[in-house]
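Take a look at the structure set out below.
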Amino acid sequence: MADPFLRFPDAARALLAVDSLSEKEGQFCGGLAYRTAPLSEKQANWLRILLARHGLPALAEGGDE
């Protein structure tokens with residue numbers, strides 16, 4: 001099992017490399033890839049959903065800050 005992502009920008013960049021990403025998902029991840037502010041709970045939840053949907057490791061506890 002792969003280690004979880006410790007930072008959300010790393011998770012977002014990994015998602016951007018997925019071939020099956022939709023345009024909407026890509027826009028969301030592109031916005032997160034270089035974001036410095038913490039994520040809202042809604043953003044963090046959607047990021048976790050996308051990671052699971054595309055078979056990537058989970059976001060570590062505290063990785064949304």
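The values are calculated or read from the model by the stated rules, or taken from the named source; none is laboratory data. Keep in mind that this is a model prediction, so the values were computed, not measured. In this analysis, Cβ positions are derived from the backbone assuming ideal geometry, glycine residues included, and neighbour counts consider all displayed protein chains. Quick note on the areas: whole protein, heavy atoms, side chains included, nothing else; ligands and nucleic acids left out. Shrake-Rupley method; radii C 1.70, N 1.55, O 1.52, S 1.80 Å.
Excluding ligands and nucleic acids, what accessible area in Å² is computed for residue 51 using a 1.4 Å probe, to the nearest 10?
Roughly 0 Å² of residue 51 is accessible to a 1.4 Å probe.
In Å², and per residue, what accessible area does the chain have when probed at 1.4 Å with the other protein chains present? Display every interim value, and only then the final one.
Numbers: 4180 Å² over 65 residues.
Per-residue value: 64 Å².
Count charges around residue 56 for me, please; just the other residues with Cβ under 14 Å from its Cβ, Lys/Arg as +1, Asp/Glu as -1. Provide the component values of the computation, followed by the final result.
Working: positive: 7, 13, 48, 53; negative: 3, 10, 19, 25.
Surrounding charge for residue 56 is 0.
Hey, got a sec? Which chymotrypsin sites (Phe, Trp or Tyr not before Pro) in the chain land in a DSSP loop and have at most 11 other Cβ atoms within 10 Å?
Numbers: sites: 5, 28, 34, 46; in loops: 34.
Counting only loop positions with at most 11 other Cβ atoms within 10 Å, the chymotrypsin sites (Phe, Trp or Tyr not before Pro) in the chain are 34.
Loop-only check: which trypsin sites (Lys or Arg not before Pro) in region 23-63 are DSSP coil with at most 15 other Cβ within 10 angstrom?
35
With all protein chains present, how much of the accessible area of region 14-60 (probe radius 1.4 Å) comes from carbon and sulfur, to the nearest whole percent?
Details: 1550 of 2840 Å².
Percent of accessible area from carbon and sulfur atoms in region 14-60: 54.
Whole percent per 10 Å bin, from 0 to the bin with the longest distance: what is P(r) over all C-alpha pairs of the chain?
All Cα pairs, binned at 10 Å, distribute as 24, 63, 13 percent.
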